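Novice: Below: one structure in structure tokens.
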Amino acid sequence: MTFVFPRRGRSLAAGQRSELTIIDLDGSAEVILTTTEVIEAPNWSPDGQWLVFNAGGRLFRIAANGGTPEQIDTGHLADLNNDHVLSPDGSTIYVSSDDGHLYALPFAGGTPRRVSNDHPTPHHYYLHGISPDGLTLSYVAVEKPADERQVNVFTIPAAGGPDTRLTGVSVPNDGPEYSPDGRWIYFNSELAASRPGHAQIFRMNAADGSGLEQLTFDSYVNWFPHLSPDGKTVAFISFPQGTIGHPADKDVLLRLMTPEGEQQRTLASFFGGQGTINVNSWAPDSKRLAYVAYPRS
């Protein structure tokens, strides 16, 4: 029997499909789920047993070796996007809602707990990372209306508490994620861009945003750096030159490099983009990655 996912937001073109894929570092890949609905952003559970992804504003999990997906109870939240992370102990899923807030809920499903704060001015939260001790979340906030859009990096205690600003610039930033030792936050930014949209990979000190370092310097538009659990490899997605943002339906590259930006290589190329690797999708053994491709017939 075909599993039916809810629909919300973008749809696939006629003949297009979502392929949830697991790839080894040697490039060998296996598709474990195919559907004609949009699924996005797999997270690997810390015990290696599950992949968690979103579809139609809801969360689902599937065994890492494939099978039938299971919907995760998210309570009243039915507008979840593709920005979600798992706690290091695997007990909690932190999610981003299109209402602009962050929530925590049990991995088994249950009643969400709001983590984020109300602000007197626009501050729409998009979650991307969690510290290795599980105590702090990293996110970007859209702080201005569309005509003055600013997207900056912040952290917030996972238990709730004050927001800490790490960047305060007018150019777009996204995808902030902790290194496994907790020292760095890796992110993509247009800080060095000579043309709109030309994002590159950077890192900065997680505590205060100091010590900024640029790690990629090429013509690609580079997004969403993800550190492997052993701290040895960074995976990221590269869009074609001239891309603005991280749109769907592009010929993209899944690339790897060292944490210092060296030894860059392409692991896979496919049709994808938005939803492919918006969040960390490394297996706990640091030997495999999950991603979603969106091929067309």
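Novice: Would you call Asn54 within 16 Å of Ile23 (Cα to Cα) and either in contact with a strand residue (DSSP E or B) (Cβ under 8 Å, 6 or more places away or on another chain) or assigned to a strand (DSSP E or B) (or both)? Show your work before the answer.
Specialist: On the way: within 16 Å of Ile23 (Cα to Cα): no; either in contact with a strand residue (DSSP E or B) (Cβ under 8 Å, 6 or more places away or on another chain) or assigned to a strand (DSSP E or B) (or both): yes.
For Asn54, the condition - within 16 Å of Ile23 (Cα to Cα) and either in contact with a strand residue (DSSP E or B) (Cβ under 8 Å, 6 or more places away or on another chain) or assigned to a strand (DSSP E or B) (or both) - is not met.
Novice: A further question follows. Just the residues that are part of a loop (DSSP other than H, G, I, E, B) and either within 15 Å of Gly175 (Cα to Cα) or free of Cβ contacts under 8 Å to residues at least 40 places away in the same chain (or both), please, taken from region 205-215. If you could, list the steps in order and put the result at the bottom.
Specialist: So the first thing to find is which residues in region 205-215 are part of a loop (DSSP other than H, G, I, E, B), and the list is 206-212, 215.
Across region 205-215, the qualifying residues are Ala206, Ala207, Gly209, Ser210, Gly211, Leu212, Leu215.
Novice: Answer yes or no: is there a residue in region 136-152 that is open to solvent by 20 Å² or more (accessible area, probe 1.4 Å), in a loop (DSSP other than H, G, I, E, B) and at pLDDT 95 or above.
Specialist: no
Novice: Restricting to region 269-281, count the residues that are open to solvent by less than 10 Å² (accessible area, probe 1.4 Å) and not in a loop (DSSP other than H, G, I, E, B). Spell out the reasoning first.
Specialist: Keep residues of region 269-281 that are open to solvent by less than 10 Å² (accessible area, probe 1.4 Å), which gives 272-273, 275-279, 281.
Those still in the list that are not in a loop (DSSP other than H, G, I, E, B) too: 272.
The number of residues fulfilling the criteria is 1.
Novice: Out of the strands (runs of 3 or more DSSP E) lying entirely within region 216-264, which hold 2 or more residues that are among the β-branched types (Val, Ile, Thr)?
Specialist: On the way: elements: 221-227, 234-239, 250-257.
Output list reads 234-239.
Novice: Please find, among Thr35, Thr2, the residue that is surrounded by fewer than 15 Cβ atoms within 10 Å (Cβ to Cβ) and over 20 Å from the mean Cα position of the chain (by Cα).
Specialist: Numbers: Thr35 fails: surrounded by fewer than 15 Cβ atoms within 10 Å (Cβ to Cβ).
Criteria check complete, one pass: Thr2.
Novice: Then there is this: Would a scan of region 7-19 turn up a residue that is of a type outside the set (Gly, Ala, Ser) and part of a strand (DSSP E or B)? Working first, answer last.
Specialist: Step one: list which residues in region 7-19 are of a type outside the set (Gly, Ala, Ser), which gives 7-8, 10, 12, 16-17, 19.
Checking the rest, the ones that are also part of a strand (DSSP E or B) come to 16, 19.
Scanning region 7-19 turns up at least one residue that is of a type outside the set (Gly, Ala, Ser) and part of a strand (DSSP E or B).
Novice: Okay, next question. For the subset of region 190-201 comprising residues that are open to solvent by 10 Å² or more (accessible area, probe 1.4 Å) and either of a type outside the set (S, T, N, Q) or within 13 Å of Tyr178 (Cα to Cα) (or both), which member is farthest from the chain's Cα centre (by Cα)?
Specialist: Arg195
Novice: Quick check on this structure: which one of Leu77, Leu59 is open to solvent by less than 10 Å² (accessible area, probe 1.4 Å), in contact with a strand residue (DSSP E or B) (Cβ under 8 Å, 6 or more places away or on another chain) and part of a loop (DSSP other than H, G, I, E, B)? Even if it seems obvious, please write down each step before you answer.
Specialist: On the way: Leu59 fails: part of a loop (DSSP other than H, G, I, E, B).
Going through Leu77, Leu59 in turn, the sole match is Leu77.
Novice: Assuming Pro88 fulfils every condition listed in (1) crowded, with 23+ Cβ neighbours inside 10 Å; (2) of a type outside the set (A, V, I, L, M); (3) farther than 30 Å from Ser297 by Cβ apart from one, which condition is it?
Specialist: In the conditions (1) crowded, with 23+ Cβ neighbours inside 10 Å; (2) of a type outside the set (A, V, I, L, M); (3) farther than 30 Å from Ser297 by Cβ, Pro88 misses (1) alone.
Novice: Same structure, new question: Look at Thr266 and say whether it is hydroxyl-bearing (Ser, Thr, Tyr), modelled with pLDDT of 95 or more and buried (at least 22 other Cβ atoms within 10 Å of the Cβ). So that I can check it myself, show each step before the final result.
Specialist: On the way: hydroxyl-bearing (Ser, Thr, Tyr): yes; modelled with pLDDT of 95 or more: yes; buried (at least 22 other Cβ atoms within 10 Å of the Cβ): no.
No; evaluated as a whole, the condition is false for this residue.
Residue-wise test of (1) farther than 19 Å from Asp285 by Cα; (2) out of contact with any Pro (no Cβ under 8 Å at 6 or more places or on another chain); (3) free of Cβ contacts under 8 Å to residues at least 40 places away in the same chain.
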site	(1), (2), (3)
Gly27	no, yes, no
Val38	yes, yes, no
Pro88	no, no, no
Ser91	no, no, yes
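Novice: Since Thr164 meets every condition but one in (1) surrounded by fewer than 14 Cβ atoms within 10 Å (Cβ to Cβ); (2) β-branched (Val, Ile, Thr); (3) free of Cβ contacts under 8 Å to residues at least 24 places away in the same chain, which condition does it not meet?
Specialist: (1)
Novice: Moving on to the next point. Within region 91-103, restricting attention to residues that are surrounded by 19 or more Cβ atoms within 10 Å (Cβ to Cβ) and small (Gly, Ala, Ser), which residue is nearest to Pro162 (Cα to Cα)?
Specialist: Applying the filter and picking the extreme gives Ser96.
Novice: Checking Ala64 against (1) touching a residue at least 60 places away in the same chain (Cβ under 8 Å); (2) open to solvent by 10 Å² or more (accessible area, probe 1.4 Å); (3) under 19 Å from Gly272 (Cβ atoms), which single condition isn't satisfied?
Specialist: (3)
The values are calculated or read from the model by the stated rules, or taken from the named source; none is laboratory data. None of these values were measured; they are calculated from a predicted model. Note that each Cβ is placed from the backbone with ideal geometry, even for glycine, and that neighbours are counted across all protein chains shown. For the accessible areas, the whole protein counts, side chains as well, though only heavy atoms, and no ligand, DNA or RNA atoms are used. Shrake-Rupley method; radii C 1.70, N 1.55, O 1.52, S 1.80 Å.
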